[in-house]
Amino acid sequence: DDFLGVIQGFSKRCFVPLAAGGGLRDMDDVDRYMGAGADKIVVNTGAIERPEFITDVAKRYGSQCVVVSIDARQREGGAYEVFSHLGSIPTGLSPADWAMQAQELGAGEVLITSIDRDGWLQGYDLELIGEVVDAVSFPVLALGGAGTWDHLVEGFRAGADGACTQNIYHFTERSILSAKAHLKAAGLLVRE
């Protein structure tokens, strides 16, 4: 599998915890990713289809290893709904309820992604982040929408424990070092 090779390559050169996911449906998939060097496993559709999958991974590798990825979209009327299968299938679940269930099942953190904002560089969905943060006691990571360093500050101030980025590095000339400097100047604690 090509992706296993990517995980192996990163794990040899990367000195931060490596989280890997995508298409994980059973413990054989998890074992392959962990064996390739992943430190954490990211599950989404596989956990929605079979919630006890979260518990299975946590029992074998520990809760700190399980990241439940939640893709959510705001529906008419303002309520949020979790979507599976790369954000294409509505589940009827609310992100806050699903995050609470994931925590009870043994997950160690959640990654909440606003489908509506992902890739737009217009900022995180702070209301969505707040709903999930208020529902759980474990770390919440925010993804989907960061286009400026101020968006990172806003994500942290909304309660996120981690502010994830991707497109900002592809479409701007910005670096992780400048992000850290901006966060530090905003009064947030930043690891050097």
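The values are calculated or read from the model by the stated rules, or taken from the named source; none is laboratory data. Values in this document were obtained by computation on a predicted structure and should not be read as measured data. Here Cβ is always computed from backbone atoms with ideal geometry, including for glycine, and neighbour counts include all displayed protein chains. We work out accessible area using only protein heavy atoms, side chains counted, and drop any ligands, DNA or RNA first. Shrake-Rupley method; radii C 1.70, N 1.55, O 1.52, S 1.80 Å.
What to note about this one:
Conditions tested, residue by residue: (1) modelled with pLDDT of 95 or more; (2) among the aliphatic types (A, V, I, L, M); (3) more than 25 Å from residue 17 (Cβ to Cβ).
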residue: 70; (1), (2), (3): yes, yes, no
residue: 76; (1), (2), (3): no, no, yes
residue: 94; (1), (2), (3): yes, no, yes
residue: 98; (1), (2), (3): yes, no, no
residue: 103; (1), (2), (3): yes, no, no
residue: 109; (1), (2), (3): yes, no, no
residue: 113; (1), (2), (3): yes, no, no
residue: 120; (1), (2), (3): no, no, yes
residue: 126; (1), (2), (3): yes, yes, yes
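- Residue count, the stretch 98-121 (criterion: touching a helix residue (DSSP H, G or I) at 6+ places or on another chain (Cβ under 8 Å) and of a type in the set (S, T, N, Q)): 1
- Of all the residues in the stretch 31-41, those that are buried (at least 19 other Cβ atoms within 10 Å of the Cβ) and either of a type in the set (Phe, Trp, Tyr) or under 17 Å from the mean Cα position of the chain (by Cα) (or both) number 4.
- Figure legend. Inter-residue proximity from the stretch 86-110: first residues among the aromatic types (Phe, Trp, Tyr), second residues at pLDDT 95 or above, beta-carbon distance below 8 Å, spacing 6+ or different chains. Indicated pairs: 98/48; 98/68; 98/70; 98/82; 98/91.
- For residue 55: the one exception among (1) under 10 Å from residue 107 (Cα atoms); (2) open to solvent by less than 30 Å² (accessible area, probe 1.4 Å): (2)
- Residue count for the stretch 66-82, restricted to those that are farther than 14 Å from residue 141 by Cβ and surrounded by 22 or more Cβ atoms within 10 Å (Cβ to Cβ): 2
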